[in-house]
Amino acid sequence: MAELSKTAAENVQRWLSDPLIDDETKRELQELQEQPQELEERFYKDLEFGTGGLRGVIGAGSNRINRYTVGRATQGFARYILEQHGQAAGKPSVVIAHDSRHFSPEFALEAALVLAGNGITAKLFPSLRTTPQLSFSVRHLNATGGIVITASHNPPEYNGYKVYNAEGGQLVPHQAEQVIQYIQEIDSFASVKRLEQSEAEAEGLLVWLGDAEDEAFAETVAGVSVNREKITSELGKDFKIVYTPLHGTGNIPVRNVLNKVGFTNVHVVAEQEQPDAEFSTVKSPNPEEREAFTLAMKLGKEVGADILVGTDPDCDRMGAVVLNDAGEYEVLSGNQSGAVMIHYLLSQLQEQGKLPDNGAVIKTIVTSEMGAVIARHYGAEIFNTLTGFKYIGEKMTEFEQTGKYTYLFGYEESYGYLAGNYARDKDAVLASLLICEAGAYYKAQGKTLYNVLQELYAEFGYFREKLESRTLKGKDGLAQIQAKMADWRENPPQKIAGAAVTEVLDYSKGLDGLPQENVLKYMLNDGSWFCLRPSGTEPKIKVYFAVRGNSLQDAEERIDKLAAEVMARVDA
């Protein structure tokens, strides 16, 4: 133990001596005594409950996700729920869903039994469900909160735990900070209250959800369609779709909603159709990456698909691939898909006389300005939030409460979209429907979505965006990320890629009424910008770039030059 830090050594000993830790876990820790570096990583700190909840590598240890860290987090959340519920009528309740990852069902049940131990009714889906359905069901069932067990598109060794408020949105910082405080006050696992499953069910504190909730969600999402009648009667059957759920939760709900609206020509990538916690056919189950669409492209060529659609494991992110002018498949970026959907949605609402005078579109500070320019063209107001859909959800609730604005669309460059007021988190089920609906509508006019995108560039400007990231794992990696952010903050460049830096936006100071966050954005005198941000869910530093060129070639050259110069310093 001499090679471990004092904190890690104390944490290991506490786990080994705790009678509530099972024997198998203790054996695993005993076997790791000869691997002090691994033990240090597992125990040098508690797995942090951030604004999005927990996310970490599965395994034994205080800095890993396991039934004990899930139980401890749930005890803190239970206290928060009970305090928030106050004197409200009826018993507080929390809806719980999970994805297809290792131990997701076990962690979901553990969270339910801890809630039950605190007198809170846990409403649990018996098998995998999407994150947006969880958000919808919290609202639909008038629950006090929600939990979803997922690590989104992280590698197979990860899992996570996200918590939701009564509005169906992820907790925002001031809410999460209270939960964090309660979790930190739990000094032993003996403080975690828990019922056995049979007892929880007998007392009505564990309720199983099912088909009725699935149907309510599907019908609500289908109801967001702006051309349902036209798709059902004529356009849906001739539009060929290839869909891949990437081994996650999207398979049934996406196909169900597409079918409801009238898309009958849907081909699913068989190799990726079934849930698989190893995501064995892809390097990463992430629709942001072209490689994830390799099998979809192969099937697309075979069936002559008009569009390829992919969703991540918890089905809150959607990626689309369209045919370019050469007849080859081209992956749309999150910004491009967002621009196309905003244009389609708002133009159709306008054409049908349904576009409200007080319409609003919400995007994040690292999302392209192209969607904003298009939205303003249709008279919509633009609102910017920090990165994370929880902030978009918070703004939606504000609109709903004040009535000042009508929410139309919210999105972020990382492939997250939502139209409709039924949820407070991004929904790849809805995004899959909307991008396919747009594709079918424009196909009837003899255009592909690629053609539409080129028309939008010509009309609104040649916007180009890029994202670079560097993965820096573990204790040392975290220190490196913090050092890089400090260096850029203390020594901002005066000029980069031939353009002068005109403004540095340091969001750690809480700019524009937004919460404080460790994000730096540099505005350049040619209209370009770049932004540095440590990921809140992965051991990464992310760097975002955006330019507006005179042509696509000009935009490409400028963004490549900007990214090269910035990343040379980031990597130094």
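The values are calculated or read from the model by the stated rules, or taken from the named source; none is laboratory data. Quick caveat: nothing in here was measured; it's all calculated off a predicted structure. We place every Cβ from the backbone using ideal geometry, glycine too, and count neighbours over all the protein chains shown.
Which of the residues that make up region 280-314 are part of a loop (DSSP other than H, G, I, E, B) and either buried (at least 24 other Cβ atoms within 10 Å of the Cβ) or over 20 Å from the mean Cα position of the chain (by Cα) (or both)?
If we filter region 280-314 for residues that are part of a loop (DSSP other than H, G, I, E, B), which is where we start, we get 280-289, 304-306, 312-314.
Answer for region 280-314, where residues must be part of a loop (DSSP other than H, G, I, E, B) and either buried (at least 24 other Cβ atoms within 10 Å of the Cβ) or over 20 Å from the mean Cα position of the chain (by Cα) (or both): 280, 281, 285, 287, 304, 305, 306, 312, 313, 314.
Confirm whether residue 449 is within 29 Å of residue 289 (Cα to Cα), surrounded by 14 or more Cβ atoms within 10 Å (Cβ to Cβ) and in contact with a Gly (Cβ under 6 Å, 6 or more places away or on another chain). Please lay out each step first, then the result.
Details: within 29 Å of residue 289 (Cα to Cα): yes; surrounded by 14 or more Cβ atoms within 10 Å (Cβ to Cβ): yes; in contact with a Gly (Cβ under 6 Å, 6 or more places away or on another chain): yes.
Yes.
Could you check how many residues of region 455-476 are within 16 Å of residue 551 (Cα to Cα) and surrounded by fewer than 16 Cβ atoms within 10 Å (Cβ to Cβ)?
Applying the first criterion (within 16 Å of residue 551 (Cα to Cα)) to region 455-476 yields 455-465.
Now narrow it down to the ones that are surrounded by fewer than 16 Cβ atoms within 10 Å (Cβ to Cβ): 455, 458-459.
Qualifying residue count for the region: 3.
Here is a check on your reading of the model: is residue 495 basic (Lys, Arg) and either outside the structural domain of residue 549 (by TED's automatic domain parsing) or surrounded by 14 or more Cβ atoms within 10 Å (Cβ to Cβ) (or both)? Steps first, answer last, please.
Working: basic (Lys, Arg): yes; either outside the structural domain of residue 549 (by TED's automatic domain parsing) or surrounded by 14 or more Cβ atoms within 10 Å (Cβ to Cβ) (or both): no.
So residue 495 fails the test.
If you check residue 108 against the conditions, is it at pLDDT 95 or above, in contact with a helix residue (DSSP H, G or I) (Cβ under 8 Å, 6 or more places away or on another chain) and not in a loop (DSSP other than H, G, I, E, B)?
For residue 108, the condition - at pLDDT 95 or above, in contact with a helix residue (DSSP H, G or I) (Cβ under 8 Å, 6 or more places away or on another chain) and not in a loop (DSSP other than H, G, I, E, B) - is not met.
How about region 186-206: which of its residues are free of Cβ contacts under 8 Å to residues at least 12 places away in the same chain and closer than 19 Å to residue 46 by Cα?
Correct list: 187 only.
When residues of region 549-564 are filtered for being at pLDDT below 95 and either part of a helix (DSSP H, G or I) or buried (at least 19 other Cβ atoms within 10 Å of the Cβ) (or both), how many remain?
2
Condition first: of a type in the set (Val, Ile, Thr), outside any loop (DSSP other than H, G, I, E, B) and either under 30 Å from residue 405 (Cα atoms) or modelled with pLDDT of 95 or more (or both). Can you find one or more residues in region 441-450 that meet it?
Step one: filter region 441-450 for residues of a type in the set (Val, Ile, Thr), giving 448.
Cutting the leftovers down to outside any loop (DSSP other than H, G, I, E, B) gives us none.
Among the residues of region 441-450, not one is of a type in the set (Val, Ile, Thr), outside any loop (DSSP other than H, G, I, E, B) and either under 30 Å from residue 405 (Cα atoms) or modelled with pLDDT of 95 or more (or both), which makes the answer no.
Where in region 132-251 are there helices (runs of 4 or more DSSP H), lying wholly inside it, with at least 2 residues that are under 20 Å from the mean Cα position of the chain (by Cα) and buried (at least 18 other Cβ atoms within 10 Å of the Cβ)?
On the way: elements: 173-184, 197-202, 211-222.
Filter on region 132-251 gives 173-184, 211-222.
Can you pull out the residues in region 222-236 that are within 12 Å of residue 259 (Cα to Cα) and either at pLDDT below 95 or not basic (Lys, Arg) (or both)? Let's see the steps before the verdict.
First pass over region 222-236, keeping only residues within 12 Å of residue 259 (Cα to Cα): 222, 228, 231-232, 236.
Once the filter is applied, which keeps residues that are within 12 Å of residue 259 (Cα to Cα) and either at pLDDT below 95 or not basic (Lys, Arg) (or both), region 222-236 yields 222, 231, 232, 236.
Being loosely packed, with under 14 Cβ neighbours inside 10 Å and in a loop (DSSP other than H, G, I, E, B) narrows it down to one of 486, 479, 572, so name that one. Let's see the steps before the verdict.
Numbers: 486 fails: in a loop (DSSP other than H, G, I, E, B); 479 fails: in a loop (DSSP other than H, G, I, E, B).
Of the residues listed, the single one that is loosely packed, with under 14 Cβ neighbours inside 10 Å and in a loop (DSSP other than H, G, I, E, B) is 572.
To keep it simple, each residue is scored yes or no on (1) of a type outside the set (A, V, I, L, M, F, W, C); (2) surrounded by fewer than 24 Cβ atoms within 10 Å (Cβ to Cβ); (3) in contact with a Ser or Thr (Cβ under 8 Å, 6 or more places away or on another chain); (4) modelled with pLDDT under 95.
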position: 316; (1), (2), (3), (4): yes, no, yes, no
position: 330; (1), (2), (3), (4): yes, yes, no, no
position: 334; (1), (2), (3), (4): yes, no, yes, no
position: 337; (1), (2), (3), (4): yes, no, no, no
position: 340; (1), (2), (3), (4): no, no, no, no
position: 349; (1), (2), (3), (4): no, yes, no, no
position: 352; (1), (2), (3), (4): yes, yes, no, no
position: 363; (1), (2), (3), (4): yes, no, yes, no
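Can you tell me which residues in region 400-415 are under 14 Å from residue 169 (Cα atoms) and in contact (Cβ under 8 Å) with a residue 24 or more places away in the chain? Steps first, answer last, please.
So the first thing to find is which residues in region 400-415 are under 14 Å from residue 169 (Cα atoms), and the list is 400, 410.
Passing the criteria: only 410.
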